[in-house]
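Trainee: Once you've had a glance at the structure underneath, I'll fire off some questions.
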Amino acid sequence: MKILFINGSPNEKGNTAALADCLLKGKEYETLNLSHYRINVYGQDLPGDQFAEILEKMKEAKIIVIGSPVYWHNLAGTVRTLLDRFYGPVSQGELKGRKLLLLFQGAAPEKWMLDAGEYTIRRFAKLYGLDYVGMATDKAQARQLADSI
């Protein structure tokens with residue numbers, strides 16, 4: 001079973017990655033750090049765009065874990081840009097048969113902030129046919145969510 005962790009944090013070994021390590025302990029997985037990729041914003045057509053590479057990795061995975069710090073009360077811009085880019089090149093239901101999990105953490109997020117990020121991920125999952133498994137915001141929740149993988 002191929003597992004892909006998409007790290008939306010610019011800190012490759014920070015709290016978001018630590019949550020992934022906790023969630024995926026004992027499992028083999030690939031980490032894709034979004035800060036290493038150039039993803040044009042929706043509507044841009046600039047050279048060097050790597051969205052297709054990321055999409056291919058997502059299509060190869062059976063389990064996709066998206067990790068994001070809470071920035072400006074919601075998902076990090078890197079994650080948001082990735083999700084936005086699905087409009088157009090990816091058909092509805094195209095990722096059917098894959099599980100999607102969210103790791104979403106911050107220093108002191110309020111419930112409404114976490115709810116807003118999870119709402120976006122739930123809608124994304126539904127649109128592209130992913131089975132949304134759930135969200136973890138701390139290590140205890142990550143260990144509990146690990147049982148769903």
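Trainee: Would you mention how many residues in segment 119-141 are under 14 Å from the mean Cα position of the chain (by Cα), in contact (Cβ under 8 Å) with a residue 12 or more places away in the chain and in a helix (DSSP H, G or I)?
Mentor: 5
Trainee: Right, another one. Give segment 44-58 a look and list any residue that's within 18 Å of SER91 (Cα to Cα) and out of contact with any Leu (no Cβ under 8 Å at 6 or more places or on another chain), or say none. Break it down into steps so the answer makes sense when it comes.
Mentor: Of the residues in segment 44-58, the ones within 18 Å of SER91 (Cα to Cα) are 51-58.
Result: ALA52, GLU53, LEU55, GLU56.
Trainee: Assess whether ALA116 counts as being surrounded by fewer than 18 Cβ atoms within 10 Å (Cβ to Cβ), part of a helix (DSSP H, G or I), hydrophobic (A, V, I, L, M, F, W, C) and out of contact with any Lys or Arg (no Cβ under 6 Å at 6 or more places or on another chain).
Mentor: yes
Trainee: Kindly list, by first and then second residue, each pair from a residue in segment 94-112 that is touching a residue at least 60 places away in the same chain (Cβ under 8 Å) to a residue that is in a loop (DSSP other than H, G, I, E, B), limited to pairs with Cβ atoms under 6 Å and residues at least 6 apart or on different chains.
Mentor: GLN105/THR137
Trainee: Tell me, yes or no, whether segment 30-37 has at least one residue that is modelled with pLDDT under 95 and within 17 Å of ILE6 (Cα to Cα).
Mentor: There is no residue in segment 30-37 that is modelled with pLDDT under 95 and within 17 Å of ILE6 (Cα to Cα).
The values are calculated or read from the model by the stated rules, or taken from the named source; none is laboratory data. The structure presented is a predicted model; accordingly, all values stated were derived computationally and were not measured. Positions of Cβ are backbone-derived with ideal geometry, glycine not excepted, and every protein chain shown enters the neighbour counts.
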